[in-house]
1. Hey, which of the helices (runs of 4 or more DSSP H) in the stretch 20-119, taking only ones fully inside, have at least 3 residues that are surrounded by 12 or more Cβ atoms within 10 Å (Cβ to Cβ) and in contact (Cβ under 8 Å) with a residue 60 or more places away in the chain?
2. Exactly one of (1) touching an Asp or Glu at 6+ places or on another chain (Cβ under 8 Å); (2) over 30 Å from residue 58 (Cα atoms) is unmet by residue 92. Its number?
3. Regarding residue 56, is this residue of a type outside the set (Ser, Thr, Tyr) and modelled with pLDDT of 90 or more?
Amino acid sequence: MTDTGSTARSKFVSLHDRMVTALAAWLTPKRLQIYPAVLILSSFIVQLWLSLLAARSGTPFWLTIGQDFKGYYTGGRFFVDGRMTELYDFEAQKKFQEDLAIPGNGLLAFIHPPFTVIL
């Protein structure tokens, strides 16, 4: 009779070894030089594209950066203040944001799962 725990462990170790070997063969020194450059270039292109979209909408780009902070901050403060029953009450969130005078265009509601308030 074989020990099923030992068999499962050896299969896992074997799979892990194969994956590490495949990754090591695939991730060559040349790729380690090229991939960061590709990531940086693609990030720059996305940033440029977002800048153009913001300019097209008439909103300065620097005003669009970090706007999601309002929603996360609101959710976090509701958690800290013990107002979890109001977490998805948009009127309460709007009043909270207006009272803090957080700049931006109206309400940016916290619409994420409840466990994200602690992140």
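1. Numbers: elements: 29-57, 61-64, 69-80, 90-100.
Of the helices (runs of 4 or more DSSP H) lying wholly inside the stretch 20-119, none has at least 3 residues that are surrounded by 12 or more Cβ atoms within 10 Å (Cβ to Cβ) and in contact (Cβ under 8 Å) with a residue 60 or more places away in the chain.
2. Of the numbered conditions (1) touching an Asp or Glu at 6+ places or on another chain (Cβ under 8 Å); (2) over 30 Å from residue 58 (Cα atoms), the odd one out for residue 92 is (2).
3. Numbers: of a type outside the set (Ser, Thr, Tyr): yes; modelled with pLDDT of 90 or more: no.
No: the conditions fail for residue 56.
The values are calculated or read from the model by the stated rules, or taken from the named source; none is laboratory data. Being a predicted model, the structure only gives us computed values, none of them experimental. As a convention, Cβ positions derive from the backbone with ideal geometry for all residues, glycine included, and neighbour counts pool all protein chains shown.
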